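The values are calculated or read from the model by the stated rules, or taken from the named source; none is laboratory data. Source: prediction; values computed, not measured. We place every Cβ from the backbone using ideal geometry, glycine too, and count neighbours over all the protein chains shown. Areas reflect the complete protein model, heavy atoms only, side chains present, ligands, DNA and RNA absent. Shrake-Rupley method; radii C 1.70, N 1.55, O 1.52, S 1.80 Å.
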Amino acid sequence: MKLNKGMNRRNFLKVSAASGTGLVIGFNWLAGCTPTNPEMSVPKSWTDINAYIKVADNGLVTIFSPNPEIGQNIKTAMPLIVAEELDVDWKKVIVEQADLNTIKYNRQVAGGSQSIRASWDGLRQAGATAKHMLRQAAANQWKIDISEVNTEGGELINAKTGDKLDYGDVAVAAASLPIPEDVKLKDVKDFKLIGTHVKNVDGEKIITGQPLFGIDYNREGQVIAMLIHAPAFGMKLKSYDAEAAKAMPGVDDVFVVDTSLEEPQWSDVNAFNELIVITGQTTWQVMKAKKAVNAEWEAVTPLENSDEHFAKLLDGVERQKGRVLREDGNIDAALQGAAKVVEKTYTAPFLAHNTMEPMNFFAHVTPDKAELVGPIQTPESLRGTIMKVLGMNEDQVTIAMTRMGGGFGRRLYGNFGLEATLISKKVGKPVKLIYTREDDMTQGTYRPAYRVKYTAGLDENNNLVAFKAKAAGIPGSPLFPDRFPAGTVDNYKGEGVNIDTNISTGAWRAPRSNFIAGAEQSFIDEVAEASGKDPIDFRLELFDRAINNPVGENNDYDAARYAGVLKLVKEKANWGQDMPGVSRGVAAYYCHNSYVAQVVDVVMKNNEPVVQKVWCAVDCGIVVNKEGAINQIEGGIIDGIGHAMYSQLTFKDGKPEQENFHQYDLIRNVQTPEIEAFFVENDIHPTGLGEPSLPPVIGALANALYKATGTRFYNQPFTKAKQADEILVG
Amino acid sequence: MAVFNLNVNGKKRKVDVDPDTPMLWVLRDHLNLVGTKFGCGIAQCGACTIHADGNAIRSCSTPISAVGDMEIVTIEGLSPNGNHPVQEAWIEHDVPQCGYCQAGQIMNAAAFLKKNPNPSKEEITSAMSGNICRCGTYTRINAAIQTASKKS
Ligand code: FES
Ligand code: FES
């Protein structure tokens with residue numbers, strides 16, 4: 001395999017040369033990031049082998065985790081891949097979060113369930129290349145050929161004599177060796193770490209309350225800053241009176257910053273650029289002063305309401321001409337000729353991300369430097385924005401990434417980092433900016449609101465012959481036109497409608513899929529019912545069609561893998577077996593290159609449906625860390641059920657009606673089902689896992705609720721929205 | 001401002017703050033104990049849970065003036081080396097995802113198990129329902145509490 005970026009010869013040489021001239025980086029490993037073997041001695045020196053790996057004289061190995069950690073557990077999984085190829089005992093490994101460094105690393109982003117997918121090869125090469133150099137150094141010392149040096153658990157073994165050296169013994173010599181161009185990677189069958197259950201490297205720190213998160217970061221001499229943004233989308237500041245606030249104890253200043261950008265990039269989403277800033281000594285003093293500021297706001301664009309949103313979406317689907325995204329065959333003729341036609345509409349509201357850790361960031365801007373520390377999914381994009389705003393070069397702006405108390409997409413958009421920077425520039429001091437929960441929930445960047453209408457036609461043999469989807473979103477259509485059931489049906493049409501808004505929106509865990517999967521899989525269930533077929537058999541027939549004789553050429557899924565997860569969940573859940581009192585629903589979906597099928601079991605307790613268990617089959621290729629993978633799957637399922645059942649963000653005159661958790665319902669412990677996850681075992685390159693278990697569970701849930709209650713659930717959140725047909729077609 | 005003498009994690013601590021300052025911010029801003037987390041500020045999420053005389057309380061909604069000489073324990077003081085049975089069970093079940101809610105979850109679970117050492121599954125889920133985990137680690141939390149209850 002060839003070296004790629006972050007692994008190229010220039011970088012290798014750079015760090016190697018530094019090591020060769022005797023650079024050792026002192027580091028207190030006791031403050032490192034993993035529960036390492038406490039019996040090992042404290043290392044005296046470290047040698048950089050490459051951008052990902054440094055080795056201590058005593059054999060400890062530090063592996064840098066390049067990407068931001070939002071709870072998706074890549075801080076364990078990414079170093080684990082390096083350690084696998086390096087052949088080091090995991091107990092000897094210390095994991096450190098890398099800072100933003102685009103010369104050393106590729107794509108330091110947490111988003112799109114891409115971290116493992118995009119870095120798999122590079123991480124393996126980092127480990128394998130380092131191992132090769134360590135073996136070569138040992139071969140030189142033993143005066144044997146490299147082929148006679150074996151490795152195991154961080155030790156080098158002389159195949160002839162059985163002599164052993166530790167990685168630490170040859171690290172300095174290895175670092176000055178030429179970098180191999182082409183290294184052999186392990187066979188999947190030889191993996192020792194990958195595919196096992198490995199615990200979170202930050203686990204000990206989390207359970208003892210160590211400072212890990214952005215909100216925990218403090219700097220001597222810092223001031224605390226909080227913001228007031230307009231109370232409604234469409235409003236801007238008219239005037240404000242801060243005299244009383246300024247006179248309060250511990251308050252430094254109250255002023256306005258403007259964060260608007262001349263050329264915003266995609267990650268600069270922000271509806272509120274004009275902000276009142278309160279700075280002071282302690283969080284509570286600033287919080288109190290924030291309430292004492294009197295501000296007047298005026299509407300500059302229309303103030304939107306949720307009932308208008310609903311009406312606009314309805315109009316979009318029922319009356320507007322959509323953009324045709326895909327068309328196969330002749331949909332109108334096929335529907336006219338169909339023996340049965342089923343037509344249903346599904347909706348979902350805006351949602352807030354509500355990461356448990358509210359937005360915050362630390363910034364210290366001086367005339368020639370900007371230093372940022374905090375929770376950000378897109379540090380490189382944030383750096384770009386800061387460079388533009390401050391007129392600085394890349395090497396003048398540093399960003400250190402803290403562990404994040406949740407991301408879910410919200411921290412792709414770094415407005416809070418820009419805000420902290422501008423405040424620090426203005427006050428000339430280090431600044432820690434903190435949002436209250438209310439600031440966080442009402443700030444925007446929401447999951448869009450959606451509506452989709454499906455129409456399906458069955459022939460007299462109950463085969464699907466026509467499928468039409470028209471989907472509208474505020475602001476963008478949620479449809480993926482080349483996904484299932486496209487490719488399985490001769491006559492297909494997908495249309496999208498985009499509706500403008502002044503409410504800011506952004507990616508929210510499994511964007512678009514988080515709505516469209518549930519709608520599609522509920523509808524398929526209803527079509528299967530109309531066909532008189534079992535819902536799993538009905539889907540499998542469609543996949544058979546796509547496997548044997550696909551319609552069109554752009555279908556972006558592998559129908560055999562899709563069918564594979566359905567078959568697996570069917571077997572594991574004993575689908576078809578009689579379970580008294582249990583109502584079951586099924587769904588399958590493909591996103592982030594992974595395939596998920598689920599069965600949801602609902603029981604009635606005191607006349608209320610209760611989700612008892614979710615069975616989940618996943619095909620995400622090679623599973624790197626089973627423990628973390630199952631945790632992600634469970635989290636996605638609970639997230640999906642929770643938002644589909646309970647959560648919504650509604651608007652009155654441009655103002656979010658939910659500001660904190662007494663108004664915005666999130667799923668609670670008592671509402672959580674049992675979950676069992678199963679993996680399709682294969683040797684395929686790993687694919688996404690942070691998002692794919694969320695979307696389909698909404699469909700499986702709706703289908704199970706229907707079996708339990710006799711009501712079809714079309715509108716989210718299921719426990720609050722009306723489900724009657726008349727509001728859907730008005 | 002007023003001077004308060006607190007008993008936090010077995011140590012006497014003196015702070016000079018406004019009497020209405022919530023314990024959450026006293027801990028985080030004045031005592032450098034940042035393990036206790038800010039989630040909502042209105043007693044709705046449990047991220048700020050600490051012990052006061054062995055009871056789980058919401059530090060975001062408890063002003064320092066109400067604390068007096070109560071024994072305050074935070075996540076940092078729950079055990080000397082992270083070896084409280086609840087903490088050990090948390091590691092065994094690899095509970096955290098992002099980890100942000102977990103200090104509050106652990107503090108709530110520890111106080112609950114002290115009062116009810118052998119809880120049923122229903123008792124666990126209802127006792128833990130005041131603590132939000134946005135990442136959805138609830139099933140692991142419940143399994144860990146069951147493990148801890150067997151050990152303690
Ligand atoms: S921060 Fe205290 S309950 Fe949420
Ligand atoms: S682990 Fe992230 S909020 Fe609970």
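State all residues of region B:108-152 that are more than 9 Å from every other protein chain (Cβ to nearest Cβ), under 21 Å from A:N631 (Cβ atoms) and under 13 Å from the mean Cα position of the chain (by Cα); if no residue qualifies, say none.
Those that are more than 9 Å from every other protein chain (Cβ to nearest Cβ), under 21 Å from A:N631 (Cβ atoms) and under 13 Å from the mean Cα position of the chain (by Cα): B:N108, B:A109.
Please indicate, with yes or no, whether at least one residue in region B:70-87 is touching a Phe, Trp or Tyr at 6+ places or on another chain (Cβ under 7 Å) and either facing another protein chain (nearest Cβ under 9 Å) or among the charged types (D, E, K, R) (or both).
No, region B:70-87 has no match at all.
To keep it simple, each residue is scored yes or no on (1) touching a residue at least 40 places away in the same chain (Cβ under 8 Å); (2) open to solvent by 70 Å² or more (accessible area, probe 1.4 Å); (3) under 30 Å from A:L390 (Cβ atoms).
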{"residue": "A:R319", "(1), (2), (3)": "no, yes, no"}
{"residue": "A:V324", "(1), (2), (3)": "yes, yes, no"}
{"residue": "A:N330", "(1), (2), (3)": "yes, yes, no"}
{"residue": "A:E343", "(1), (2), (3)": "yes, yes, no"}
{"residue": "A:N354", "(1), (2), (3)": "yes, no, no"}
{"residue": "A:F361", "(1), (2), (3)": "yes, no, yes"}
{"residue": "A:V365", "(1), (2), (3)": "yes, no, yes"}
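Tell me yes or no: at least one residue of region A:294-302 is modelled with pLDDT of 95 or more and under 32 Å from the mean Cα position of the chain (by Cα).
No - not one qualifying residue is present in region A:294-302.
State all residues of region A:272-284 that are at the interface with another protein chain (Cβ under 9 Å from one of its Cβ atoms) and in contact (Cβ under 8 Å) with a residue 60 or more places away in the chain; if no residue qualifies, say none.
A:T283
In region B:74-110, how many are out of contact with any helix residue (DSSP H, G or I) (no Cβ under 8 Å at 6 or more places or on another chain), in contact (Cβ under 8 Å) with a residue 12 or more places away in the chain and surrounded by fewer than 22 Cβ atoms within 10 Å (Cβ to Cβ)?
2
Taking region A:474-500 on its own, how many of its residues are of a type in the set (S, T, Y) and over 25 Å from the mean Cα position of the chain (by Cα)?
2
Kindly provide the set of residues from region A:337-357 that are within 12 Å of chain B (Cβ to nearest Cβ), out of contact with any strand residue (DSSP E or B) (no Cβ under 7 Å at 6 or more places or on another chain) and not β-branched (V, I, T), ordered by number.
A:H353, A:N354, A:M356
Somewhere in region A:391-402, is a residue within 14 Å of another protein chain (Cβ to nearest Cβ), away from ligand 1 (no atom under 16 Å from the Cβ) and surrounded by fewer than 24 Cβ atoms within 10 Å (Cβ to Cβ)?
Among the residues of region A:391-402, at least one is within 14 Å of another protein chain (Cβ to nearest Cβ), away from ligand 1 (no atom under 16 Å from the Cβ) and surrounded by fewer than 24 Cβ atoms within 10 Å (Cβ to Cβ), which makes the answer yes.
Of the residues that make up region A:319-332, is at least one part of a helix (DSSP H, G or I), among the hydrophobic types (A, V, I, L, M, F, W, C) and in the same structural domain as A:G473 (by TED's automatic domain parsing)?
Checked against the condition, which is being part of a helix (DSSP H, G or I), among the hydrophobic types (A, V, I, L, M, F, W, C) and in the same structural domain as A:G473 (by TED's automatic domain parsing), region A:319-332 yields at least one hit.
Is it the case that some residue within region A:669-677 is over 19 Å from the mean Cα position of the chain (by Cα) and among the hydroxyl-bearing types (S, T, Y)?
yes
Looking at A:I206 and the list (1) within 30 Å of B:V34 (Cβ to Cβ); (2) touching a residue at least 40 places away in the same chain (Cβ under 8 Å), which single condition is not satisfied?
Checking A:I206 against (1) within 30 Å of B:V34 (Cβ to Cβ); (2) touching a residue at least 40 places away in the same chain (Cβ under 8 Å), the one that fails is (2).
Would you point out which residue out of A:I194, A:I215 is closer than 23 Å to A:L372 by Cα, under 29 Å from the mean Cα position of the chain (by Cα) and either β-branched (V, I, T) or modelled with pLDDT under 95 (or both)?
It is A:I215.
I'm trying to understand the selection: among the residues of region A:296-318, which are within 15 Å of A:K655 (Cβ to Cβ), outside any strand (DSSP E or B) and among the hydrophobic types (A, V, I, L, M, F, W, C)?
Passing the criteria: A:V300, A:L303.
How many residues, within region A:419-447, are farther than 30 Å from A:H662 by Cβ and open to solvent by 10 Å² or more (accessible area, probe 1.4 Å)?
Residues flagged as farther than 30 Å from A:H662 by Cβ and open to solvent by 10 Å² or more (accessible area, probe 1.4 Å) within region A:419-447 amount to 7.
Could you grab me the full set of residues in region A:348-385 that are of a type in the set (S, T, N, Q) and within 16 Å of ligand 2 (Cβ to nearest atom)?
Passing the criteria: A:N354, A:T355, A:N360, A:Q377.
Would you point out which residue out of B:P85, B:P80 is at pLDDT below 95 and more than 16 Å from ligand 2 (Cβ to nearest atom)?
Step by step, each of B:P85, B:P80 is checked, and only B:P80 is at pLDDT below 95 and more than 16 Å from ligand 2 (Cβ to nearest atom).
If a residue must be surrounded by fewer than 19 Cβ atoms within 10 Å (Cβ to Cβ) and either away from chain B (no Cβ under 14 Å) or among the small types (G, A, S) (or both), how many such residues does region A:654-663 contain?
The total comes to 2.
For A:F713, only one of the following conditions fails: (1) without any contact (Cβ under 8 Å) to a residue 40 or more places away in the chain; (2) open to solvent by 20 Å² or more (accessible area, probe 1.4 Å). What is its number?
(1)
Yes or no: region A:667-681 includes at least one residue that is within 10 Å of chain B (Cβ to nearest Cβ), touching a Gly at 6+ places or on another chain (Cβ under 6 Å) and either assigned to a loop (DSSP other than H, G, I, E, B) or crowded, with 19+ Cβ neighbours inside 10 Å (or both).
yes
Report yes if some residue within region B:62-69 is in contact with a Phe, Trp or Tyr (Cβ under 7 Å, 6 or more places away or on another chain), more than 14 Å from ligand 2 (Cβ to nearest atom) and in the same structural domain as B:N7 (by TED's automatic domain parsing); otherwise report no.
Scanning region B:62-69 turns up at least one residue that is in contact with a Phe, Trp or Tyr (Cβ under 7 Å, 6 or more places away or on another chain), more than 14 Å from ligand 2 (Cβ to nearest atom) and in the same structural domain as B:N7 (by TED's automatic domain parsing).
Quick one: how many residues across region B:42-61 are within 16 Å of ligand 2 (Cβ to nearest atom), in contact with an Asp or Glu (Cβ under 9 Å, 6 or more places away or on another chain) and open to solvent by 10 Å² or more (accessible area, probe 1.4 Å)?
0
Looking only at region B:48-107, which residues are within 14 Å of ligand 1 (Cβ to nearest atom), within 17 Å of B:I132 (Cβ to Cβ) and among the small types (G, A, S)?
Passing the criteria: B:A56, B:S59, B:S61, B:A103, B:G104.
Looking at region A:207-216, can you tell me whether even one residue there is within 11 Å of chain B (Cβ to nearest Cβ) and of a type in the set (D, E)?
Among the residues of region A:207-216, at least one is within 11 Å of chain B (Cβ to nearest Cβ) and of a type in the set (D, E), which makes the answer yes.
Working only within region B:128-151, note down all residues that are more than 15 Å from ligand 2 (Cβ to nearest atom) and either under 23 Å from A:G405 (Cα atoms) or charged (D, E, K, R) (or both).
Listed by number, the residues that qualify are B:K150, B:K151.
Give just the number: which of (1) without any contact (Cβ under 8 Å) to a residue 60 or more places away in the chain; (2) open to solvent by 50 Å² or more (accessible area, probe 1.4 Å) does A:A292 not satisfy?
A:A292 satisfies all of (1) without any contact (Cβ under 8 Å) to a residue 60 or more places away in the chain; (2) open to solvent by 50 Å² or more (accessible area, probe 1.4 Å) except (2).
Tally up the residues in region A:625-653 that are more than 12 Å from chain B (Cβ to nearest Cβ) and open to solvent by less than 10 Å² (accessible area, probe 1.4 Å), please.
Selection size over region A:625-653: 3.
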